[in-house]
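A.B. asks: Here it is: the structure, laid out below.
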Amino acid sequence: MTTKSVIFFDIDGTLLTHDKELPLSTKEAIFKLKDEGHIVAIATGRAPFMFEDLREELNIDTYVSYNGQFVVLDGEVLFTNPLKISSLEKLTENALLNDHPVVFMDHEDMKANVSEHRYINESIQSLKIKQFPTHDPHYYKGRELYQTLLFCPEGEEKQYELNYQDFDFVRWHPFSVDVVPSGGSKAIGIKKIVEKLGFSEEHQYAFGDGLNDIEMLSTIKNSVAMGNAENQVKEVAKYVTKSVEENGILHGLQQVGLL
């Protein structure tokens, strides 16, 4: 009998190709894992509403979203880590002066503080999702936000990193960075799940490719970087598989002995 494990998958560049397609080999591999009794989970920087279709297609109801700030186990919210609103308000005011728009995000929706901006359009369109942020500059008031998107060209986030210690800034697009609570990460969200489920570190696996996967892949014992991953991501992973386009998930699962 196969010993049960839990496997966490990033989405963009890991489960999904550059064109946001799910390879058939990946889908079949995930259902085979589930058939053998393993728990398959997602660990992503995306908001829950940005991968609802994927969860339905793969029948997954355990996930770490917003880079660890909103964690769900078996369809129930297990852990949340919201942004500090007073600091976010100051950051937003500062960003507006620099023509750097922001998008506020909770577990249900996202709203932009400007009605139109090229940086927002280009960044969000690259995700190829159905949703697009509508305009509500006061969306941060009276609700918990788990992530904010700050839109600025590469390098210009440095000024915010220096002045806003309550937040971590993780770039995901030439025009956009994720703003998350300081110290928050996929690794912390995963820890909440594995502690609840009681999995030993030998039976924890994670696949990723992006800069926001570094802490996850350096923390999880059986970590796999995609062939298309950044070099610094590959350096912290225990294994490196093929690229997502080359059936990298199936190959990686075979590498680690799960399939």
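The values are calculated or read from the model by the stated rules, or taken from the named source; none is laboratory data. Quick caveat: nothing in here was measured; it's all calculated off a predicted structure. Please note: Cβ atoms are built from the backbone with ideal geometry, for glycine as well, and neighbour counts cover all protein chains shown. Just the protein is used for accessible areas: all its heavy atoms, side chains included, with ligands, DNA and RNA removed. Shrake-Rupley method; radii C 1.70, N 1.55, O 1.52, S 1.80 Å.
A.B. asks: Examine the stretch 154-166 for a residue that is surrounded by 22 or more Cβ atoms within 10 Å (Cβ to Cβ) and of a type in the set (Ser, Thr, Tyr), and state whether such a residue exists.
C.D. replies: No, every residue in the stretch 154-166 fails to be surrounded by 22 or more Cβ atoms within 10 Å (Cβ to Cβ) and of a type in the set (Ser, Thr, Tyr).
A.B. asks: Residue pairs, Cβ under 7 Å, 6 or more apart or interchain, first in the stretch 115-131 and acidic (Asp, Glu), second not in a helix (DSSP H, G or I). List them.
C.D. replies: Glu122/Phe175
A.B. asks: Sticking with this one: Considering the stretch 107-124 alone, what residues qualify as being over 21 Å from Leu83 (Cα atoms) and either open to solvent by 40 Å² or more (accessible area, probe 1.4 Å) or part of a loop (DSSP other than H, G, I, E, B) (or both)?
C.D. replies: Ser115, Glu116, His117, Arg118, Glu122
A.B. asks: Glu56 is checked against (1) out of contact with any strand residue (DSSP E or B) (no Cβ under 6 Å at 6 or more places or on another chain); (2) open to solvent by 20 Å² or more (accessible area, probe 1.4 Å); (3) touching a residue at least 24 places away in the same chain (Cβ under 8 Å) and fails just one. What number does that condition carry?
C.D. replies: (3)
Here's the yes/no breakdown for (1) closer than 24 Å to Ala29 by Cα; (2) out of contact with any strand residue (DSSP E or B) (no Cβ under 8 Å at 6 or more places or on another chain):
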| site | (1), (2) |
| --- | --- |
| His173 | no, yes |
| Lys196 | no, no |
| His203 | yes, no |
| Leu211 | no, no |
| Ser223 | yes, no |
| Gln232 | no, yes |
| Ser243 | yes, yes |
| Val256 | yes, no |
| Leu259 | yes, yes |
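A.B. asks: Of everything in the stretch 141-153, what is closer than 15 Å to Tyr119 by Cβ and crowded, with 16+ Cβ neighbours inside 10 Å? Give them in sequence order.
C.D. replies: Listed by number, the residues that qualify are Thr148, Leu149, Leu150, Phe151, Cys152.
A.B. asks: Something else: Please specify each residue of the stretch 76-103 satisfying the condition of being farther than 18 Å from Asp136 by Cα, part of a strand (DSSP E or B) and in contact (Cβ under 8 Å) with a residue 40 or more places away in the chain.
C.D. replies: Leu78, Phe79, Thr80
A.B. asks: If you scan the stretch 2-48, which residues turn out to be open to solvent by less than 30 Å² (accessible area, probe 1.4 Å) and in a strand (DSSP E or B)?
C.D. replies: Val6, Ile7, Phe8, Phe9, Leu16, Val40, Ala41, Ile42, Ala43
A.B. asks: Name the helices (runs of 4 or more DSSP H) wholly inside the stretch 176-252 in which the number of residues that are of a type in the set (S, T, N, Q), open to solvent by 10 Å² or more (accessible area, probe 1.4 Å) and modelled with pLDDT of 95 or more is 2 or more.
C.D. replies: Here the list reads 214-219, 231-236.
A.B. asks: Now a separate question. Among the listed residues Leu91, Leu78, Leu127, which satisfies the condition of being modelled with pLDDT under 95 and surrounded by 16 or more Cβ atoms within 10 Å (Cβ to Cβ)?
C.D. replies: Checking each option against the conditions leaves just Leu127.
A.B. asks: Show the residue pairs that are 6+ apart or on different chains and have beta-carbon atoms under 8 Å apart, the first residue being within the stretch 182-197 and farther than 13 Å from Ser5 by Cα, the second being assigned to a loop (DSSP other than H, G, I, E, B) and among the basic types (Lys, Arg).
C.D. replies: none
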